[in-house]
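Asker: Dumping the structure here so I can ask a few things about it.
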Amino acid sequence: MSHQIPADDWFKAPSGGERLWIGLALAWCLILTLMMPYWHFKGKQNSTGEAYRVAPADFAERVNRFVAANTVGEDKGVAVVAPPPGTDVYLQAQMWRWYPVLKLKRNQTYRVHISSLDLNHGFSLQPLNMNFQVIPGYDHVLTLTPTSSGDFSIICNEFCGIGHHLMAGKIIVED
Ligand code: CUA
C-alpha cells in the first residue's frame, strides 16, 4: 500500500551530529538575514532608491540632449561624453548596447540616471562588481563618486536576448 498513517511516535527529535548541523545551518541563516539590514545601512555602494517614472521615448530624448551638449570624442563609433562635475548624467541601455561612453573625474560626484528603452538589462560595473537593475519606464538615479581612475567596463548581467553577451559599455575615470 502506498499510503499509510505513520505511527503516533514517528517523530524522533534530532540528536548528535544531526542536531549540530541543523544548529549550524540555523545560525548561518540568521547571520545572513541580519547581513541584509546591516549592508543596507553600512554598504558603500547602495542605491538611495531614488527613481522616477519616465517614458522610454522621453528618456531617449534626454540622453540625446545630454550627449549633444557634452560630447568630447568617439570610442569605437560610440560618443564619449564628459559632463561637468555635479551635473546630471545619462546612461541608456537597450538591446544591445550601453550609450554613451561616460568620461568622469575622480572624486567628483555625479547624478547618474540609468534607464532602458526596451526590456530589463543589468548594469554591472567591472572590475568593481557594482550591480543595478535597469528597468524600462524607470529612471534610476545613482549618486556616484568615482574613487579610482581608469577604464571600467559595463556589462549586462540580465539575459536580454541573442546579443546579450555583446552588450558592453565603458566608463572612463580621469584624475
Ligand atoms: Cu542587456 Cu543582457
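Asker: Being of a type in the set (D, E, K, R) and not assigned by TED's automatic domain parsing to the domain that holds Gly137 is true for just one of Arg19, Arg65. Which residue is that?
Answerer: Numbers: Arg65 fails: not assigned by TED's automatic domain parsing to the domain that holds Gly137.
Being of a type in the set (D, E, K, R) and not assigned by TED's automatic domain parsing to the domain that holds Gly137 holds for just one of Arg19, Arg65, which is Arg19.
Asker: Evaluate the following for Asn46: is it open to solvent by less than 100 Å² (accessible area, probe 1.4 Å) and in a loop (DSSP other than H, G, I, E, B)? Step through it out loud before you land on a result.
Answerer: Numbers: open to solvent by less than 100 Å² (accessible area, probe 1.4 Å): yes; in a loop (DSSP other than H, G, I, E, B): yes.
So Asn46 passes the test.
Asker: Being within 14 Å of the chain's Cα centre (by Cα), under 19 Å from Asp88 (Cβ atoms) and not aromatic (Phe, Trp, Tyr) is the filter here, so list the residues in segment 135-167 that pass it.
Answerer: Answer for segment 135-167, where residues must be within 14 Å of the chain's Cα centre (by Cα), under 19 Å from Asp88 (Cβ atoms) and not aromatic (Phe, Trp, Tyr): Ile135, Asp139, His140, Val141, Leu142, Thr143, Leu144, Ile154.
Asker: Next question, about the same structure. Of the residues that sit in segment 49-82 and are outside any strand (DSSP E or B) and polar (S, T, N, Q), which one is most open to solvent (accessible area, probe 1.4 Å)? Outline the logic, then answer.
Answerer: Going through segment 49-82, the residues outside any strand (DSSP E or B) turn out to be 49-50, 54-70, 76-77, 82.
Now drop any that are not polar (S, T, N, Q), which leaves 64, 70.
Values: Asn64: 88, Asn70: 31 Å².
Per the stated criteria, the residue is Asn64.
Asker: Exactly one of these conditions fails for Arg111: (1) touching a residue at least 40 places away in the same chain (Cβ under 8 Å); (2) of a type in the set (D, E, K, R); (3) in a strand (DSSP E or B). Give me its number.
Answerer: Among (1) touching a residue at least 40 places away in the same chain (Cβ under 8 Å); (2) of a type in the set (D, E, K, R); (3) in a strand (DSSP E or B), Arg111 violates only (1).
Asker: Let me ask something else. Quick check, is Gln92 within 16 Å of the ligand (Cβ to nearest atom) and either part of a loop (DSSP other than H, G, I, E, B) or in contact (Cβ under 8 Å) with a residue 24 or more places away in the chain (or both)?
Answerer: Working: within 16 Å of the ligand (Cβ to nearest atom): yes; either part of a loop (DSSP other than H, G, I, E, B) or in contact (Cβ under 8 Å) with a residue 24 or more places away in the chain (or both): yes.
Here the answer is yes, as Gln92 does meet what is asked.
Asker: Return the total of residues in segment 123-175 being of a type in the set (Val, Ile, Thr), open to solvent by 70 Å² or more (accessible area, probe 1.4 Å), modelled with pLDDT of 95 or more and away from the ligand (no atom under 15 Å from the Cβ).
Answerer: 0
Asker: Here's something else I'd like to know. From the residues in segment 99-108 that are in contact (Cβ under 8 Å) with a residue 60 or more places away in the chain and buried (at least 16 other Cβ atoms within 10 Å of the Cβ), which one is farthest from the ligand (Cβ to nearest atom)? So that I can check it myself, show each step before the final result.
Answerer: Our first condition is that a residue be in contact (Cβ under 8 Å) with a residue 60 or more places away in the chain; within segment 99-108, this holds for 99, 101-106.
Still in the list and also buried (at least 16 other Cβ atoms within 10 Å of the Cβ): 99, 101-105.
Values: Tyr99: 12, Val101: 16, Leu102: 17, Lys103: 22, Leu104: 22, Lys105: 27 Å.
Among those residues, the one meeting the criterion is Lys105.
Asker: Continuing with the same structure: Taking Asp88 as the residue in question, decide whether it is open to solvent by 40 Å² or more (accessible area, probe 1.4 Å) and closer than 15 Å to Asn64 by Cβ. Lay out the reasoning, then the answer.
Answerer: On the way: open to solvent by 40 Å² or more (accessible area, probe 1.4 Å): yes; closer than 15 Å to Asn64 by Cβ: yes.
Yes.
Asker: Among the residues in segment 70-77, are any more than 14 Å from the ligand (Cβ to nearest atom), touching a residue at least 60 places away in the same chain (Cβ under 8 Å) and over 16 Å from Ala51 (Cα atoms)? Before the answer, list the steps.
Answerer: Step one: of segment 70-77, the residues more than 14 Å from the ligand (Cβ to nearest atom) are 70-77.
Now narrow it down to the ones that are touching a residue at least 60 places away in the same chain (Cβ under 8 Å): 75.
Within this subset, residues satisfying the condition of being over 16 Å from Ala51 (Cα atoms) are 75.
Within segment 70-77, one or more residues are more than 14 Å from the ligand (Cβ to nearest atom), touching a residue at least 60 places away in the same chain (Cβ under 8 Å) and over 16 Å from Ala51 (Cα atoms).
The values are calculated or read from the model by the stated rules, or taken from the named source; none is laboratory data. Since the model is a prediction, treat every value here as computed from it, not as a measurement. Positions of Cβ are generated from backbone atoms using ideal geometry, with glycine treated the same way; all protein chains shown enter the neighbour counts. For accessibility, only protein heavy atoms count, side chains too; no ligands or nucleic acids. Shrake-Rupley method; radii C 1.70, N 1.55, O 1.52, S 1.80 Å.
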